[in-house]
Amino acid sequence: MQISDILPLHLNLPDAQEQRLILSDITWEQYANFIDGFVDEYPSLRVTFLEGILEIMSTSSEHELLKKIIARLIEMYAVEKIIDLNGYGNTTFRDEAALRGLEPDECYCFGALKEVPDIALEIFISSGGIDKLSVYQGLQIPEVWFWQVKKKQWQLYLLKDREYTSIDRSEFLPDLDFDLLGQFIGTTTQTQNQTQAVIAYREALRV
C-alpha cells in the first residue's frame, strides 16, 4: 500500500483542525516518492521525515492565517529596514544522507537564494509529533524561529558547531524586536484585517 492510500483513512482533510498521522519504518524511497507526488493531490499537508519516521500533518485555518500574518510582518520589517530578504515559502528541503526532510511554514535567505534557507519559521499550535529541531539540525539550517501560539512567544535557535543554542535575538536580524513583533501576531484572528496589522507594525517601527 502506498502512503497516499493511507491518508483518507487517518486524516479528515476538510476539517479545520490540525491533524497528524505518524508512520514508522518508512524508507527514504517511500518518503521521496510521496513528496514528489503529494503536492498536487494534497497541497495543504506538511510532511516531516526523520530517520524512518514520517509525520503527515494537515494544517488548520488558524495555522495558515498565523503563517501568513507572520510572513507579512517580517517582510514589512525587511522593506522598512531595506534588508535584502528573499523567501522560499514552504518549499521542501531534504537530505538523504541525513535521512531528514520537511517543509518550513516560511523560510528566507539574505541576498541570493541558497540551497537551504538562512532562517526557517514554524507555527506551533499543538504539541506532539516529530522533533522538528532535530530535522532542521540535520539539514543545517542556521536559524530556526518557533512561534508558540498558546504562549504567544518566540523560541529562537542558532546553529553553532552543528548544535542548536537558544538565543534571544537573531544573529541575522539583531535589531528585530521579537516582543514587539509578537504583539501584532498574538492579536491576529480571522476577523482582523491583516493589512491594518501590518500598517500598525510599520508605524511602530518608525517610532
Exercise for the section: Check Phe38 against each of (1) modelled with pLDDT under 80; (2) assigned to a loop (DSSP other than H, G, I, E, B) and name the one condition it does not meet. Expected result: (2)
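So is Ala78 in a loop (DSSP other than H, G, I, E, B), among the small types (Gly, Ala, Ser) and modelled with pLDDT of 90 or more or not? Break it down stepwise before answering.
Values: in a loop (DSSP other than H, G, I, E, B): no; among the small types (Gly, Ala, Ser): yes; modelled with pLDDT of 90 or more: yes.
Considered against the rule, which asks whether it is in a loop (DSSP other than H, G, I, E, B), among the small types (Gly, Ala, Ser) and modelled with pLDDT of 90 or more, Ala78 comes out as no.
One line per residue, one yes/no per condition, for (1) within 16 Å of Val144 (Cβ to Cβ); (2) among the charged types (D, E, K, R):
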residue: Glu62; (1), (2): no, yes
residue: Lys67; (1), (2): yes, yes
residue: Ile70; (1), (2): yes, no
residue: Ile82; (1), (2): no, no
residue: Ala97; (1), (2): no, no
residue: Lys114; (1), (2): yes, yes
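Within the stretch 126-155, can you find the residues that are part of a loop (DSSP other than H, G, I, E, B) and either out of contact with any Ser or Thr (no Cβ under 7 Å at 6 or more places or on another chain) or farther than 25 Å from Phe34 by Cβ (or both)?
Going residue by residue through the stretch 126-155, those that are part of a loop (DSSP other than H, G, I, E, B) are 126-131, 140-142, 149-152.
Ser126, Ser127, Gly128, Gly129, Asp131, Gln140, Ile141, Pro142, Val149, Lys150, Lys151, Lys152 - these are the residues of the stretch 126-155 that are part of a loop (DSSP other than H, G, I, E, B) and either out of contact with any Ser or Thr (no Cβ under 7 Å at 6 or more places or on another chain) or farther than 25 Å from Phe34 by Cβ (or both).
Of the residues Glu80, Glu64, only one is closer than 28 Å to Glu203 by Cα and free of Cβ contacts under 8 Å to residues at least 24 places away in the same chain; which? Write out each step before concluding.
Working: Glu80 fails: free of Cβ contacts under 8 Å to residues at least 24 places away in the same chain.
After ruling out the rest, the residue left standing is Glu64.
Go through the residues of the stretch 96-117 one by one and say whether even a single one is within 18 Å of the chain's Cα centre (by Cα), part of a helix (DSSP H, G or I) and in contact (Cβ under 8 Å) with a residue 40 or more places away in the chain. Step through it out loud before you land on a result.
Going residue by residue through the stretch 96-117, those that are within 18 Å of the chain's Cα centre (by Cα) are 100-110, 113-117.
Add one more test, that the residue is part of a helix (DSSP H, G or I), and what stays is none.
No, because not a single residue in the stretch 96-117 is within 18 Å of the chain's Cα centre (by Cα), part of a helix (DSSP H, G or I) and in contact (Cβ under 8 Å) with a residue 40 or more places away in the chain.
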Fill in the blank from the handout: Residue count, the stretch 93-112, condition surrounded by fewer than 17 Cβ atoms within 10 Å (Cβ to Cβ) and either touching a helix residue (DSSP H, G or I) at 6+ places or on another chain (Cβ under 7 Å) or among the polar types (S, T, N, Q) (or both), comes to 3
Practice task
Consider Leu73 carefully, then state whether it is part of a strand (DSSP E or B), more than 25 Å from Lys160 (Cβ to Cβ) and in contact (Cβ under 8 Å) with a residue 24 or more places away in the chain.
Solution key: no
Exercise for the section: Within the stretch 81-95, track down each residue that is acidic (Asp, Glu) and part of a loop (DSSP other than H, G, I, E, B). Expected result: Asp84
Practice task
Restricting attention to the stretch 124-155, report how many residues are at pLDDT below 95 and either touching a helix residue (DSSP H, G or I) at 6+ places or on another chain (Cβ under 7 Å) or of a type in the set (A, V, I, L, M) (or both).
Solution key: 5
Practice task
State whether one or more residues within the stretch 161-180 are in contact with a Lys or Arg (Cβ under 7 Å, 6 or more places away or on another chain), over 16 Å from Ala71 (Cα atoms) and assigned by TED's automatic domain parsing to the domain that holds Ile74.
Solution key: no
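The values are calculated or read from the model by the stated rules, or taken from the named source; none is laboratory data. Since the structure is predicted, the reported quantities are computational estimates derived from the model, not experimental observations. Positions of Cβ are backbone-derived with ideal geometry, glycine not excepted, and every protein chain shown enters the neighbour counts.
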